[in-house]
2 protein chains.
Amino acid sequence: MKKTFICCKSFVAKISLLAILLIGFSCQQPAEPRPDFVLVIHGGAGVIEASRMSVQQDSSYRAVLNEALATGSLVLESGGSAVDAVIAAILVMEDSPLFNAGKGAVYNEAGIIEHDASIMDGSDLSAGAVGSLRSIRNPILAAHRIMVDGRHVFMVAEGARQFAIQAGLETVDPQYFFDQNRWDNYERTRKTQLEKEFPVQSKHGTVGAVALDKSGNLAAATSTGGMHFKREGRLGDSPVIGAGTYADNLSCAVSATGHGEFFIRNAVAYDIAARMKYAGQSLQEAADEVVMEKLAALDAGGGIIAVDQQGNIAMPFNTSGMFRGYVVAGQKPVVKLFAGE
Amino acid sequence: MKKTFICCKSFVAKISLLAILLIGFSCQQPAEPRPDFVLVIHGGAGVIEASRMSVQQDSSYRAVLNEALATGSLVLESGGSAVDAVIAAILVMEDSPLFNAGKGAVYNEAGIIEHDASIMDGSDLSAGAVGSLRSIRNPILAAHRIMVDGRHVFMVAEGARQFAIQAGLETVDPQYFFDQNRWDNYERTRKTQLEKEFPVQSKHGTVGAVALDKSGNLAAATSTGGMHFKREGRLGDSPVIGAGTYADNLSCAVSATGHGEFFIRNAVAYDIAARMKYAGQSLQEAADEVVMEKLAALDAGGGIIAVDQQGNIAMPFNTSGMFRGYVVAGQKPVVKLFAGE
């Protein structure tokens, strides 16, 4: 009996050891201590290839991405919130003509620019979003004002514009958004009435940012001019909390870019958070499965950026490139454009 | 050694038996075979109490809910799709003045009626949604046209209205939506500039439907006039795929009703699907945890209706009542208004 008892005890001990190891692996912490802060940004995913880009274009993109990272990380470095950091980073990209957001937005079918944007605070799940917004210089600020106001989360079209104006945001003349290349692309599409593949210089994407601040809070934000030649009033995933943007301290902060219709139907941003919460996946596993398997299988081009509360970063994309970059506290900023870079 | 071996084998056998039992419980099938079809509807959740309702009001609500169930289940009975069934059921409720959708919608802050609606097909995740839509008699048909067209998923405001008109949908004069009680409520709120609790006769909610058809496909749809005295251009969860509406044959079909801002921030409809997919929860467990625990803890009043591919139904709500009903093939329709009914 004694021998038997020992045997069973030893078996139980082995099982327990295995269980501990399994739990250990599934609750794996990053090898390094949590960084003080992290900022990750994107400027859209798509046909972004070195062979299609001039040296000048390449360096222009990198310069703006670096400026956005520097501006956002300064906020975090000085103890600012993740919310303020993602706004600061996005403002730089909204004010650049290079990206399809703010100043650089593409035209819709009617030749009008309509912006979408959203922001979410992972510390309390507060959120703000605008869709089909006209003539406001920085749509991300309109989304933020809605979040701070707190009465609503999501506002669109003329009502959103009036709210933004009452909140004191800067309005601009349509001429502010004018870009000859984009207008030429619009005219070309209008004449053929077909959506075509555009050369990379007109295929700038949505912008987004996610951050972890010194207090351990997460935030995510996204801003876009939407799909080239979209129908008037069309919203993509960018203003949809749960699709283009999500942040929850208990899981992660996500900002997406890509073919918005697919991203809405697959609730992409929340899906990544849900996989971490309910399936115990790591940030990288969750992000990779959604972008590189689920969306790729649907031929839904795009990518996401994400950060979790441990400071882990994921930036998967299933296209030939994604304008992206990150800063981890105490390390040099990193900016990349192409796959395999 | 032999004894030891037997002991371990017996231990392993016991563990295996336990594992099988556990797996058995967690993958529990309904006791009855899958019904041929199921239709579940709601007409909003809120302060719905027998003591606040006249006999006449009570029977009016039940009559419309029964008519919606009869109309939708006729589609399913005759082999129609879940998509067509949820539309049929919602049309009945949109055309009734009793519910805050279609004809019976509440006024926004500007005294204007703006509708939101969405629909999703669980068989291929196709979806359509409209927000801040004016003067279209049946917003659910506009959402459906967007889904069928396929180019976009989500359209708002004037662009959505123009799309609906081009699709041949019926437009109506503002007078069509006029209701003296609702207008009086609007005027009362406008004068005080405060949102107040309204008596039950003006607190009708969003409408929604979910269905399982004979082919085993799921669909969900939701339609609303939104929050009473909302700001112009405000969207709630009803037009947000993943928040107010979601359907996926692999998990469930969900339609929500309640304080939309909270439902957006918690991605309610997709959260229920995600819990089933990733945490192995049953439909009832997932729906109860989201509505009765997560949302209730946030003081976010509302409820959801849901059905899965096995024909299981869940209808939790954390308010004093929810207009609701269901039909299971071969059984009599059931309609309920109050908690504990």
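Considering (1) modelled with pLDDT of 95 or more; (2) aliphatic (A, V, I, L, M); (3) over 20 Å from B:Ala243 (Cβ atoms), the lone condition that A:Val106 does not fulfil carries the number (1). Between A:Ser123, A:Ser132, the distinction of being in contact with a Leu (Cβ under 9 Å, 6 or more places away or on another chain), within 14 Å of chain B (Cβ to nearest Cβ) and closer than 22 Å to A:Phe163 by Cα belongs to A:Ser132 only.
Criterion applied to A:Glu114, A:Glu94, A:Glu49 was being touching a strand residue (DSSP E or B) at 6+ places or on another chain (Cβ under 8 Å), within 14 Å of chain B (Cβ to nearest Cβ) and either modelled with pLDDT of 95 or more or surrounded by 14 or more Cβ atoms within 10 Å (Cβ to Cβ) (or both), and the one residue passing it is A:Glu114. The residue pairs whose first member lies in the stretch B:278-289 and is at positive phi and within 14 Å of chain A (Cβ to nearest Cβ), whose second member is surrounded by fewer than 19 Cβ atoms within 10 Å (Cβ to Cβ) and modelled with pLDDT under 95, and whose beta carbons are closer than 7 Å, counting only pairs six or more residues apart or on different chains, are B:Gly280/B:Ser26.
Name the residues in the stretch A:144-184 that are assigned to a helix (DSSP H, G or I), among the aromatic types (Phe, Trp, Tyr) and more than 14 Å from every other protein chain (Cβ to nearest Cβ), would you? A:Tyr176, A:Phe177, A:Trp183, listed by residue number.
I'd like the full set of residues that are under 29 Å from A:Ser215 (Cα atoms) and touching a helix residue (DSSP H, G or I) at 6+ places or on another chain (Cβ under 9 Å), limited to the stretch A:292-316.
Listed by number, the residues that qualify are A:Gly303, A:Ile304, A:Ile305, A:Ala306, A:Val307, A:Asp308, A:Gln310, A:Asn312, A:Ile313, A:Ala314, A:Met315, A:Pro316.
A quick yes/no check of all residues on (1) under 23 Å from B:Ile140 (Cβ atoms); (2) of a type outside the set (D, E, K, R):
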residue: B:Gly233; (1), (2): yes, yes
residue: B:Pro239; (1), (2): yes, yes
residue: B:Gly260; (1), (2): yes, yes
residue: B:Ile264; (1), (2): yes, yes
residue: B:Tyr278; (1), (2): no, yes
residue: B:Glu285; (1), (2): no, no
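Determine whether A:Ile15 is away from chain B (no Cβ under 14 Å) and modelled with pLDDT under 95. Considered against the rule, which asks whether it is away from chain B (no Cβ under 14 Å) and modelled with pLDDT under 95, A:Ile15 comes out as no.
Are any residues in the stretch B:60-91 touching an Asp or Glu at 6+ places or on another chain (Cβ under 6 Å) and surrounded by fewer than 21 Cβ atoms within 10 Å (Cβ to Cβ), and if so, which ones? Selection gives B:Ser81 alone.
Can you find a residue that is in contact (Cβ under 8 Å) with a residue 24 or more places away in the chain, surrounded by 24 or more Cβ atoms within 10 Å (Cβ to Cβ) and of a type in the set (S, T, N, Q) anywhere in the stretch B:130-151? Yes, the stretch B:130-151 contains at least one residue that is in contact (Cβ under 8 Å) with a residue 24 or more places away in the chain, surrounded by 24 or more Cβ atoms within 10 Å (Cβ to Cβ) and of a type in the set (S, T, N, Q).
Give the stretch B:34-73 a look and list any residue that's without any contact (Cβ under 8 Å) to a residue 12 or more places away in the chain and in a loop (DSSP other than H, G, I, E, B), or say none. Listed by number, the list holds a single entry, B:Ser54.
The values are calculated or read from the model by the stated rules, or taken from the named source; none is laboratory data. This is a predicted model, so every value here is computed, not measured. A quick note on method: Cβ atoms are made from the backbone with ideal geometry, for glycine too, and the neighbour counts reach across all protein chains shown.
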